[in-house]
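The values are calculated or read from the model by the stated rules, or taken from the named source; none is laboratory data. No experiment lies behind these values; they were computed from the predicted model shown. Cβ atoms come from the backbone with ideal geometry, glycine included; neighbour counts cover every protein chain shown. SASA here: full protein model, heavy atoms, side chains in, ligands and nucleic acids out. Shrake-Rupley method; radii C 1.70, N 1.55, O 1.52, S 1.80 Å.
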Amino acid sequence: MIPQPWKNETEVQQVDDGRGTDNWPEASGQLLRLMMARVNTVLLGKSEVVAQTFAALLAGGHVLLEDVPGVGKTMLARAIARVMGGDFRRIQFTADLLPADVVGGLIWDGKRGELVFRQGPLMANIVLADEINRTPPRTQSALLEAMEERSITADGETMPLPDPFMLIATQNPLRDDGTYPLPEAQLDRFLMRLSIGYPSPEHEVQMLENAPPRPAPEQLRPVIVPQEWVRMQRDAQSVHVHPALLGYAVQIANATRSAKELALGASPRASRDWVRAAQATAYMEGRRFALPDDFKRTAEAVLAHRLVLRDEAAASGMSAGETLGRLLAAVPVPAPGAEGGRRR
């Protein structure tokens, strides 16, 4: 049984009086399960990655899919975009792509005899930035304002992006030829970095047999409209987080900032994103309150890509994920206190 101190005092009283439950309305849970089920028909055997991607987007963040070629990064992004509904745009990042190609800019309208603003592909609810590290930093920087402020500035005019706005980016980390590593400031704006990995032998055989035939991402039918997703995001951010868990998140973030192996630790934005990811994970499981396990499950995906190793630590073969794991093992998980928490 889950200890009551992790819950909000008001909700505990409502449950005791028989006037409420700890679960969200079943309709929201059914919609989320249907969305993930449809995506899982496209990407076989990767239900955990699919769930993490949904949690990141539900938390109001953006996702970086980093993995070797051919494992389904673009397919996953396109499938999620389809089931979420709304406007979808795909940007193939290349070395000759310019910021105006992403944001938009003024073009000459021969019929009207004047310059008119042409919207770029960022003006959509779901944007797929394919192979984002193939384009120079100048063009990569065009995404910074969009990712954090949900707006773009072109020719001196600032325009809001559609609500919701979600960016799913892919990149191949294996080769450095013709690539431009994402700067720390941009990595920090991705709520999660995820890796799909190779399929199991059983699922790879099923892919080759193609029986029954798997649908293409474009064949998936939308489950919701963008306004419904905005409501789900608001509900997820209202999940109760006990003050002890907030302190735990800050303690881990501070530990990364003082770790001798790291030249750069987790930012305050990372702490905020970690809390939101834990809230979204709890929401997806039908709970109105977060548990320590929600923080444990999301820690590496949210924090590891924001950490920068010192040269000597990297030379010794250490990874940021291993360092984070050591810090998580060293900091004790808080025990629920006797008093209730507060609603965020």
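Close Cβ contacts (under 8 Å, 6 or more residues apart or on different chains) running from residues in region 109-133 that are under 22 Å from Leu187 (Cβ atoms) to residues that are of a type in the set (Gly, Ala, Ser) and part of a strand (DSSP E or B) comprise Leu122/Gly104; Leu128/Ala169; Ala129/Ala169; Asp130/Ala169; Ile132/Ala169. In region 101-143, the qualifying residues are those that are acidic (Asp, Glu) and either in contact with a helix residue (DSSP H, G or I) (Cβ under 7 Å, 6 or more places away or on another chain) or not in a helix (DSSP H, G or I) (or both), and the one that is least open to solvent (accessible area, probe 1.4 Å) is Asp130.
Please determine, by comparing only the residues of region 28-82 that are among the hydroxyl-bearing types (Ser, Thr, Tyr) and touching a residue at least 40 places away in the same chain (Cβ under 8 Å), which one is surrounded by the fewest Cβ atoms within 10 Å (Cβ to Cβ).
Quick first cut of region 28-82, residues among the hydroxyl-bearing types (Ser, Thr, Tyr) only: 28, 41, 47, 53, 74.
Filter once more, so that each one left must be touching a residue at least 40 places away in the same chain (Cβ under 8 Å): 28, 41, 53, 74.
Details: Ser28: 19, Thr41: 13, Thr53: 24, Thr74: 18.
Checking each candidate, the answer is Thr41.
Of all residues in region 156-203, which are of a type in the set (A, V, I, L, M), closer than 18 Å to Asp67 by Cβ and not in a loop (DSSP other than H, G, I, E, B)? Scanning region 156-203 gives Leu167, Ile168, Ala169, Leu187, Met192, Leu194. The C-beta contact set for region 189-213 (first residue open to solvent by 70 Å² or more (accessible area, probe 1.4 Å), second residue in a helix (DSSP H, G or I), distance under 6 angstrom, 6+ apart or interchain) comprises Arg193/His305.
Can you find a residue that is under 18 Å from the mean Cα position of the chain (by Cα) and among the hydroxyl-bearing types (Ser, Thr, Tyr) anywhere in region 92-100? Outline the logic, then answer.
Restricting attention to region 92-100, the residues satisfying the condition of being under 18 Å from the mean Cα position of the chain (by Cα) are none.
The answer is no, given that none of the residues of region 92-100 is under 18 Å from the mean Cα position of the chain (by Cα) and among the hydroxyl-bearing types (Ser, Thr, Tyr).
Within region 285-295, the residues that satisfy the criterion of being surrounded by fewer than 21 Cβ atoms within 10 Å (Cβ to Cβ) and either within 18 Å of the chain's Cα centre (by Cα) or not in a loop (DSSP other than H, G, I, E, B) (or both) are Glu285, Pro292, Asp293.
Taking the listed residues Ala282, Ala255, the one that is of a type in the set (A, V, I, L, M), open to solvent by less than 10 Å² (accessible area, probe 1.4 Å) and touching a helix residue (DSSP H, G or I) at 6+ places or on another chain (Cβ under 7 Å) is Ala282, with no other qualifying. When region 214-252 is filtered for residues that are over 21 Å from Ala37 (Cα atoms), touching a Ser or Thr at 6+ places or on another chain (Cβ under 9 Å) and either surrounded by fewer than 16 Cβ atoms within 10 Å (Cβ to Cβ) or without any contact (Cβ under 8 Å) to a residue 24 or more places away in the chain (or both), only Val250 remains. Residues in region 315-325 that are closer than 30 Å to Arg276 by Cα and part of a helix (DSSP H, G or I): Ala320, Gly321, Glu322, Thr323, Leu324, Gly325.
In region 282-298, the residues that are closer than 15 Å to Ala329 by Cα reach residues that are of a type in the set (Gly, Ala, Ser) and crowded, with 24+ Cβ neighbours inside 10 Å with C-beta atoms within less than 6 angstrom, at least six apart or across chains, in these pairs: Phe295/Ala278; Thr298/Ala277; Thr298/Ala278. Any residue at all in region 87-100 that's surrounded by 14 or more Cβ atoms within 10 Å (Cβ to Cβ), aliphatic (A, V, I, L, M), over 25 Å from Met232 (Cβ atoms) and modelled with pLDDT under 90? The answer is yes, given that some residue of region 87-100 is surrounded by 14 or more Cβ atoms within 10 Å (Cβ to Cβ), aliphatic (A, V, I, L, M), over 25 Å from Met232 (Cβ atoms) and modelled with pLDDT under 90. Against the list (1) under 20 Å from Ile80 (Cβ atoms); (2) of a type outside the set (A, V, I, L, M); (3) in contact with a strand residue (DSSP E or B) (Cβ under 7 Å, 6 or more places away or on another chain), the condition Asp163 fails is (3).
Restricting region 144-163 to residues that are closer than 20 Å to Arg78 by Cβ and out of contact with any Lys or Arg (no Cβ under 8 Å at 6 or more places or on another chain), the residue that is least open to solvent (accessible area, probe 1.4 Å) is Ala146.
Screening Ala263 against (1) closer than 30 Å to Ala329 by Cβ; (2) assigned to a loop (DSSP other than H, G, I, E, B) leaves a single unmet condition, (2).
Taking region 297-314, which residues are touching a Leu at 6+ places or on another chain (Cβ under 7 Å), assigned to a helix (DSSP H, G or I) and open to solvent by 70 Å² or more (accessible area, probe 1.4 Å)?
So in region 297-314, the residues touching a Leu at 6+ places or on another chain (Cβ under 7 Å) come out as 299-310.
When the remaining residues are screened for being assigned to a helix (DSSP H, G or I), the result is 299-306.
Hit for region 297-314 is Glu300, nothing else.
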